[in-house]
1. Within the range 19-34, does at least one residue satisfy the condition of being open to solvent by less than 10 Å² (accessible area, probe 1.4 Å), in contact (Cβ under 8 Å) with a residue 12 or more places away in the chain, part of a loop (DSSP other than H, G, I, E, B) and small (Gly, Ala, Ser)?
2. Would you please list the contacts, defined by Cβ atoms under 6 Å and residues six or more apart or on different chains, that run from a residue in the range 369-390 that is at negative phi to a residue that is in a strand (DSSP E or B) and aromatic (Phe, Trp, Tyr)?
3. Could you list, in sequence order, all residues of the range 237-264 that are free of Cβ contacts under 8 Å to residues at least 24 places away in the same chain and either assigned to a loop (DSSP other than H, G, I, E, B) or open to solvent by 50 Å² or more (accessible area, probe 1.4 Å) (or both)?
4. At pLDDT 95 or above, within 26 Å of residue 334 (Cα to Cα) and touching a helix residue (DSSP H, G or I) at 6+ places or on another chain (Cβ under 7 Å): does that describe residue 185?
5. I'd like to verify a number: residues in the range 149-169 that are in contact with an Asp or Glu (Cβ under 9 Å, 6 or more places away or on another chain), surrounded by fewer than 21 Cβ atoms within 10 Å (Cβ to Cβ) and over 14 Å from residue 260 (Cα atoms), how many?
6. Can you name the residue in the range 356-373 that is over 17 Å from the mean Cα position of the chain (by Cα) and of a type in the set (D, E, K, R) and, of all such residues, is modelled with the lowest pLDDT?
7. Against the definition (open to solvent by 10 Å² or more (accessible area, probe 1.4 Å) and touching a helix residue (DSSP H, G or I) at 6+ places or on another chain (Cβ under 7 Å)), how does residue 37 come out, yes or no?
Amino acid sequence: MRQTLTTDVLVVGGGTGGTAAAIQSVRRGVQTILVSEFPWLGGMLTAAGVPVPDGNELAAFQTGIWGAFLRELQQRQLEGLDHAWVSFFSYDPQVGAQIFADWVNETNLQWISDQLPLAVLKQGECVTGVEFEDYTIQAKITLDGTELGDLLALAEIPHRWGWDQAQGQEPSAPKPGLLTQQYPVQAPTWVVILQDYGGGEQADRIPAVAGENLGQFAPAWEGYKPEEFLNYGRLPGNRLMLNWPQCGNDYGQGLERLVASTQAKKKFCQEAKAHSQSFARFIQIELGQRYGLAKVFPSLPGCLGGGAFALHPYYRESRRLQGQVTVTELDILPQGATAPLPVNPAGEIEAIAIGNYANDHHYPGWDFPLQPKSLRWGGRWTGTPFTIPYRALVPAQTDGFLACEKNISVSHIANGATRLQPVVLGIGQAAGMAAALCIQRRCQPRALPVRVLQQALLQELTAPAAVVPLFNLVASHPEWLYWQQYYLDHPEYPLDGNSPVASLLPQTELGQSDQQAFTGTFYRQGDQDYRLRVALPTAEIQTWLLVTLYPWVNEQLKTLKDEQTIDVKGWPNFSGGWLRVAEISQDY
C-alpha cells in the first residue's frame with residue numbers, strides 16, 4: 001500500500017540538476033521532498049562515474065553550488081584535484097557523493113531513495129504530484145530531474161527526442177541521412193574505473209563477455225601513447241576513469257530503446273555495460289595485468305552497476321522539454337568572446353545559469369565537426385560563455401512543473417554544450433530557487449518575474465550564483481554583485497566578457513592550500529601560449545606549460561617579458577604537463 005505524502009516542492013531524480021534543485025529549494029526555506037533511484041546523489045558527478053567535470057573551470061564561473069562543490073572537494077580530496085588531462089578537477093566519486101549527502105543532512109530536506117516514478121498526477125494542465133512504488137507524493141511544484149526526462153513522458157508534456165526542426169537554422173546541423181538515422185541522440189557511456197596496481201602486483205583477470213569483439217577497440221589510443229590515453233581520466237588513488245570516445249566505451253546501438261519500454265531500456269543498459277567490460281578487458285590484455293577493476297561504487301540489489309562500474313550510464317542527452325523558448329546553437333555561439341545575453345518579450349535579460357563548454361557530440365564511428373566556440377584564455381583553450389534563459393525551464397502550457405536537468409528546452413545540437421555537469425548544476429540551482437519562490441509568492445513558474453529569480457540567485461546566502469558571464473570578476477570581488485546587476489539593467493553587455501573594474505584584486509585564498517613553488521625562465525611561444533623552463537637538481541631541464549584559472553594571473557601572464565626569471569606558485573599536473581598557476585612573482 002502506498003504512503004501518501006504532501007509537500008510544497010517535489011524533485012524527482014537525484015542526478016546533477018535534481019540534487020542542486022532540491023538543496024536550493026530547501027535552503028530557501030520551502031518544504032521539499034527529493035526522490036532518487038539510487039543512494040548516491042549527484043548523477044553525472046558521482047553515480048554515473050564522471051568525476052572529471054567539463055566546463056565552467058575559470059574562477060569567474062566557479063559560482064553557486066558548482067563553486068561550493070569545488071571548494072568542498074579541495075578541502076576533502078587530500079591528494080588534490082590535478083590528476084587528469086581532460087579536466088582541471090579530478091576526484092574520487094565517493095568523496096563527491098558524500099559532499100551531497102552531507103549537504104542534505106545539514107537541511108530538513110526529506111530524501112527518499114530507491115524509488116522510480118510510475119505516474120504523474122495532473123489536474124487539467126497542472127501537475128499535482130507523482131506516484132512511485134511505495135509513495136504517492138502530492139506537490140504544488142514538481143521538478144523533473146530524471147536522467148532521461150521520464151516525467152515529461154509520464155505527464156504527456158510536449159517534448160522532443162533526437163533531431164529537431166531547429167537544425168535547419170543551426171550551422172553545425174547535418175542534413176538528414178545515415179548519421180541522423182543511426183543516432184537520434186548522443187551515445188551514452190557506461191563508465192568503468194580501473195585500478196592501477198603498479199608493476200609489483202597483478203589484478204584479477206577481467207572476465208570475458210559472450211560474443212565480444214575485442215578487435216573493435218584496436219585503434220582506441222591511436223595518436224596517443226598508452227600512458228597518455230590512461231591519464232585522460234586519471235583519478236586519485238591510482239585509479240583510471242574509462243569514458244573514452246575514440247573506439248572506446250561510448251555505446252550507441254539501438255538508442256530508441258532508451259525511451260521505448262522498461263525492458264528495452266534494461267536490455268540496452270546490459271549491452272552498454274558489457275561493452276565497457278570488454279573495453280576494460282582489452283586494455284588489460286594489451287597493457288598488462290597491473291590494470292584491473294577498481295572497487296568504487298556500492299553493489300545494490302537489482303542494479304547492473306557497482307564495484308568498478310558506475311551505478312548507471314552517463315547519459316549525454318534525454319527527452320527535452322518543449323518550453324516557452326528553445327535554446328539553439330545560435331544562442332550559444334559567440335559574438336566576440338561571449339554569446340549575447342537572452343532577452344524575453346518584455347525586453348528583460350532572462351539569463352539564470354552560465355555555461356562555457358565547447359559544443360561536444362558523441363556518435364561512435366562518425367567524425368562530427370561543430371561550429372567553433374572557443375578562445376584562448378589563461379594560457380589555454382577554453383569554451384566561450386553562454387547563458388540559459390529562464391523560459392527554457394518552463395513548459396509552453398503545463399503548470400506546476402519545471403525541468404532541471406539535460407531535459408530543458410534545448411535543441412539537439414545545442415545540447416552538446418548545455419549538458420555538462422557545471423551548467424546542469426546551475427540549471428538545477430535556478431530551478432530549485434524558482435520553485436521555492438513560486439511557493440513563497442503563490443504563483444506558477446510562468447508568472448514568476450525573472451528579475452526576482454536573478455536577485456535571489458545573486459544574493460543566495462550559502463552559494464550565490466552568477467547569471468552574467470564576466471571573465472574578470474570572481475564572486476569574492478567587492479564589485480561582483482554591482483556588475484552582475486548592472487548588466488541585467490543595461491543592454492551594453494561587453495562582448496569581450498570583461499567589466500570595467502579598476503582592479504582585479506588578487507585573491508589567492510580562492511585556491512587550494514597545497515600550492516608548490518617553482519623558479520624558472522618564462523618563454524612566450526605565441527598568443528596565450530606560455531612555458532616555464534625549470535632547472536632540476538639533477539641538472540635536467542623540465543618545461544611546463546603555464547595555465548591559470550584566475551583573471552589577475554591571466555593579465556599578469558600577458559605582461560611578462562620573454563626569457564625573464566619568475567617565481568610561480570601553483571599545482572603541477574603531470575598528466576597534462578602543465579602548472580595551474582595561482583601566483584607569480586618577478587622581483588629580478
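The values are calculated or read from the model by the stated rules, or taken from the named source; none is laboratory data. What you see is a predicted model, and the numbers here were worked out from it, not measured in a lab. With ideal geometry, Cβ positions are generated from the backbone for all residues, glycine too; neighbour counts draw on all protein chains shown. For the accessible areas, the whole protein counts, side chains as well, though only heavy atoms, and no ligand, DNA or RNA atoms are used. Shrake-Rupley method; radii C 1.70, N 1.55, O 1.52, S 1.80 Å.
1. No, the range 19-34 contains no residue that is open to solvent by less than 10 Å² (accessible area, probe 1.4 Å), in contact (Cβ under 8 Å) with a residue 12 or more places away in the chain, part of a loop (DSSP other than H, G, I, E, B) and small (Gly, Ala, Ser).
2. Final answer for the pair search is 374/381.
3. Taking the range 237-264 first, the residues free of Cβ contacts under 8 Å to residues at least 24 places away in the same chain are 253-254, 257, 260-264.
Within the range 237-264, 253, 254, 257, 260, 261, 262, 263 meet the criteria.
4. On the way: at pLDDT 95 or above: yes; within 26 Å of residue 334 (Cα to Cα): yes; touching a helix residue (DSSP H, G or I) at 6+ places or on another chain (Cβ under 7 Å): yes.
Considered against the rule, which asks whether it is at pLDDT 95 or above, within 26 Å of residue 334 (Cα to Cα) and touching a helix residue (DSSP H, G or I) at 6+ places or on another chain (Cβ under 7 Å), residue 185 comes out as yes.
5. Number of matching residues: 3.
6. Taking the range 356-373 and keeping what is over 17 Å from the mean Cα position of the chain (by Cα), we get 363-373.
Right, trim to of a type in the set (D, E, K, R) and you get 367, 373.
Details: 367: 90, 373: 96.
Going through the qualifying residues, I end up with 367.
7. Working: open to solvent by 10 Å² or more (accessible area, probe 1.4 Å): yes; touching a helix residue (DSSP H, G or I) at 6+ places or on another chain (Cβ under 7 Å): no.
Spelling it out, it is not the case that residue 37 is open to solvent by 10 Å² or more (accessible area, probe 1.4 Å) and touching a helix residue (DSSP H, G or I) at 6+ places or on another chain (Cβ under 7 Å).
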